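Engineer: Before anything else, here's the structure in question.
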Amino acid sequence: MDTHGSSHQCPESVPSYYHEMTLPCIWDEGILCRMNCLPGLSECERHRFITGINTESAGTLKVFAGRMAMLSVRKKDPGMLIAGLASMGLALLPADMEGQRMALCELTQLHTSAKKLGLDPAEVFKKAVAMGGKESAGILAFLDREPRNRSIECMGYYEVEGPSGLIYWSGDCPVAEGLLYDRPMIPDALREFWNQNDISLFYRGLFETGKPILSRLTGPERDRIEGLYREAFRAGSRDSRVILGLGWLHSEEAEPDLQALMISSASPEQARADAAVALRDIAADRRSHGTLLSILAASSSSYTRQAVVTALREFPAGETETVLKNALLDRDKSVRTEAVYSLMALHGILADGLDWPRFMSDLMLGKPEAVVEIERQMAGK
């Protein structure tokens, strides 16, 4: 999409990493311009735009909607909110049942933002349909949901105050602040490798996707990929995928730099924690465990505490069980949730063994019954 050119261009040309980009970015401006111009298109132009919305471009519109939910509050701009809702309505056009269900994530955020701006959500939804046209009217069904099912909490989201303002965060997704990803420092060949192998953007998912793939690499291909990881690290990237990947590749050449990163008080605590995990894989560094525990105890960042709790499942249960049980009482819901997943992984507990809805409800409310239940499962009773 040419953000300064024709308003008739569709969102299909937006890069695949749009959801990772700092909020706002030029693509936000371009799609916003396109949505604002939509009511003025001729019938022929509008038909061409609507019929051009496929699964890929709908995904871009969905990402844009979520970004506008946050940006409209930061900028106190109802127009951004309306454009985000209109784009969400159009994103539903090619959606299957699962896609429609997942769209509730963005719709709850947009609905919440309308109230935060002091607007009547029903009126905002109607204005969005006026912008998007009859094809976007699918969003109106959301207004029929019960009030508690229109909240961000019902979809597992909550509010975080980021460096530039409001973030709606589920605790397991990229934060659109440019904090977690360093795209300019990452070689295109490495990003292509991640895309080809579906290596997760999400922290917990990294251990499930990145670790097995990188651990199996051998020969020239392993050397090539390690070179790309080291290139990104030397360029200054502190992306978790880069640092943890060096550990899973057992990159001995990177060991001195990772040690320096782990013990540097001037380094970001998330990067220090990632370096500790990597060094455990490369050299079984005895300082790794202590570093993670000290960061967990001192960090004010819920994301970092959540990441540490995730990483602790890589250590022997005897070293981490008490710490993870204490994390069940963390002040942040995402940390408590991650502690559950780590304890389940360490003890081979299956979700089928839990009354999951009741258990998660108790956990989210900080009830001691949740701790008692997970301890019972750990004991195998």
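Engineer: Students often forget the sequence filter, so: which aspartates and glutamates lie under 14 Å Cα-Cα from Lys333 once same-chain residues fewer than 8 apart are removed?
Structural biologist: Glu153, Glu159, Asp172, Asp362
Engineer: Mind jotting down the distance between the C-alpha centroids of the range 223-292 and the range 43-70, whole Å?
Structural biologist: 39
Engineer: Which one, Thr112, Thr51, Thr304, has the greatest fluctuation when you compute a Gaussian network model over the chain with C-alpha springs under 10 angstrom?
Structural biologist: Thr51
Engineer: Taking the Cα atoms only, what angle lies between the long axis of helix 269-283 and the longest principal axis of the chain, rounded to 10 degrees?
Structural biologist: 50
Engineer: Now for a separate question. To the nearest 10 degrees, how steep is helix 302-311 against the longest Cα principal axis of the chain, on a 0 to 90 scale?
Structural biologist: 50
Engineer: For the pair Asp188 and Lys115, how long in nm is the line joining their label points, each one 7 Å along Cα→Cβ?
Structural biologist: 4.6
Engineer: OK, next. Of the trypsin sites (Lys or Arg not before Pro) in the range 230-339, which ones lie in a loop per DSSP and count no more than 13 other C-beta atoms within 10 Å?
Structural biologist: Counting only loop positions with at most 13 other Cβ atoms within 10 Å, the trypsin sites (Lys or Arg not before Pro) in the range 230-339 are Arg286, Arg331.
Engineer: Here is a further query. Between Ser170 and Ala141, what is the label-point separation in nm under the 7 Å Cα-to-beta-carbon projection?
Structural biologist: Placing both labels 7 Å along Cα→Cβ, they lie 2.0 nm apart.
Engineer: Based on DSSP H runs of at least 4 residues, each adding -39500 (n - 2.57), what is the mean residue ellipticity at 222 nm of the chain after dividing by all its residues, to the nearest 500 deg cm²/dmol?
Structural biologist: So the calculated ellipticity at 222 nm is -18500 deg cm²/dmol.
Engineer: Fewest Cβ neighbours within 10 Å first, please rank Ser42, Ser361, Ser251 accordingly.
Structural biologist: Ser42, Ser361, Ser251
Engineer: Angle between the Cα long axis of helix 78-91 and the longest principal axis of the chain, 0 to 90 degrees, nearest 10?
Structural biologist: Once rounded, the angle reads 80 degrees.
Engineer: Follow-up question, since we're still on this one. Mind computing the radius of gyration and Dmax over the alpha-carbon atoms of the range 183-378? Å is fine for both.
Structural biologist: Cα radius of gyration and Dmax of the range 183-378 are 17.3, 53 Å respectively.
Engineer: Can you bin every Cα-Cα distance in the range 280-368 into 10 Å intervals starting at zero and give me the percent of pairs per bin, rounded to whole numbers?
Structural biologist: 17, 49, 28, 6, 0
Engineer: Another question about this same structure. Once you've got the GNM for the chain with C-alpha springs shorter than 10 Å, pick whichever of Glu106, Glu43, Glu226 has the biggest mean-square fluctuation.
Structural biologist: With Cα springs under 10 Å in the chain, the top fluctuation among Glu106, Glu43, Glu226 is at Glu43.
Engineer: Oh, and also: When Asp257, Asp120, Asp274 are ordered from fewest to most other Cβ atoms inside 10 Å of their Cβ, what list results?
Structural biologist: Sorted ascending by nearby Cβ count, the order is Asp120, Asp257, Asp274.
Engineer: Rank the residues Glu252, Glu269 as a footprinting-exposure proxy: fewest other Cβ atoms within 10 Å of their Cβ go first.
Structural biologist: Ascending number of Cβ neighbours within 10 Å: Glu252, Glu269.
Engineer: Once Cα extents along the principal axes in Å is worked out from the coordinates, which option in (i) 67, 51, 35; (ii) 64, 59, 33; (iii) 79, 47, 42 does it equal?
Structural biologist: (i)
Rule-based calculations on the coordinates, nothing more; no lab input. Note that this is a predicted model, so its numbers are computed, not measured. In this analysis, Cβ positions are derived from the backbone assuming ideal geometry, glycine residues included, and neighbour counts consider all displayed protein chains.
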